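For reference, the structure discussed in these notes is given below.
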Amino acid sequence: MKPPKVALYVWVRLPNGKRTYLKPFIAKNGKLKKSCAILDGEPHHFDPAIFYLTYDNGEKRVLERISTEPEKAIAAKTDLEIRLQAEARGIALAEPVAAAVPTGRPTSDAVAAYLEEIKLIKKKSTYAAYSVALRYFGESCKKKRLEEIDRTDMLRFTAFVRREKGDGDRTVANQFLNVMIFWKWAGIRTGVNPQDWPKYTEEDPEIYEQADLDKLFAVCDPQERLYFEFFLMTGLRSQEVTHTYWSDIDLGTTPTVKVTAKAAYQWTPKRYKARQIPIPTCLAESLRAAKVNAKPGCPLLFPSDEGKPNGEFLALLKKRATDAGLNPDDCWLHKFRATYATWHLWAGRDLLTVGRWLGHSPKDLRSTMRYLRPARGADAQRMVNETFPMATGVAA
């Protein structure tokens, strides 16, 4: 999900006494100019001239007063962008500890302390992502002290990750954000400008076509088919499926599956949010049949042969896709989740309900709206035929 765009404006009083917000004037060196804003396409001096930040929080447009100082305005914009980008990725920021970081502290010590804290309070995947980003930064920058870090180092880091590591635009942006979160934690102002943030194109989520699913399921044995139908018909993330217990499944008259924390495996849902999702009757019937052969003494719905969380779903999917004559590169687990969301929205389910089933925040429907994509192929043809029955000969 793309975070909301943060815009910087200048509150001024015009010569006629009217108060308004104008775009700030940015000099050729990329810096904001104090007490200056754009009016009728030209820079003008204003007094007072106060910087404001504005962004959409999903419910309303937020307008926040900052300062008359350009440096504070840029710093506030950077901090807000870091927070919003982190929230868009489900990352809860650690509190800044600038007061606890002595001047001249070695960067390596700060990184070690930060990662030790992350290991204690965050998930393993978050720790791994931050570790990689900071290791890459250490490879791209040989400066030893925190106070030596500046904007140029972050620009070099972006180029390093893209050229030396071969990462794509989305990954480069994620790595950049992870390192910026560290600087925020350490209380370091890098001087990064809004235009310095790596850009990437938000692609529409890919979904499975029914014909491809038919081919895939045809080459699966009953247990394998149940794996992939469970992904498809619940919309769960891969780690959520991996850590589902039989006790999370209600196979009564209104069958459901719950997503809950699993202390035994030190696993928690994304954003630490538990939820309950209805499942179709056909899936419930398949689960009832499978429960007869459940591994004794193992709480997991789909354990490995050793009775541990199963990490082989993706490899199995690639193998069966090849067997079905599909391109394995076009098959991945999260694509089932995208298909689940898109099919529900095409069927007329409301955004709030689908978002709740997916585990999205009710205050942020952008994540769910990504799956509200146009129909295509046979589905698109069926829809237009239903819209114009008099022209197609289809009975109304």
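Since every read-out is calculated from the coordinates, none of them should be taken as a lab result. Model, not experiment: these values are computed from the prediction. Neighbour counts run over all protein chains shown; Cβ positions are idealised from the backbone, glycine included.
Residue pairs whose Cβ atoms lie under 6 Å apart, separated by 6 or more positions or on different chains, with the first residue in the stretch 232-253 and more than 21 Å from residue 217 (Cβ to Cβ) and the second among the charged types (D, E, K, R), are 243/262; 248/258; 251/288. For the stretch 13-48, filtered to residues that are in a loop (DSSP other than H, G, I, E, B) and of a type in the set (Lys, Arg), the residue that is surrounded by the fewest Cβ atoms within 10 Å (Cβ to Cβ) is 28. Take the conditions (1) out of contact with any Lys or Arg (no Cβ under 9 Å at 6 or more places or on another chain); (2) farther than 25 Å from residue 112 by Cα; (3) assigned to a helix (DSSP H, G or I); residue 216 misses just one of them, which is (1). Flag: residue 161 does not match the condition of being within 22 Å of residue 30 (Cβ to Cβ), touching a helix residue (DSSP H, G or I) at 6+ places or on another chain (Cβ under 9 Å) and in a loop (DSSP other than H, G, I, E, B).
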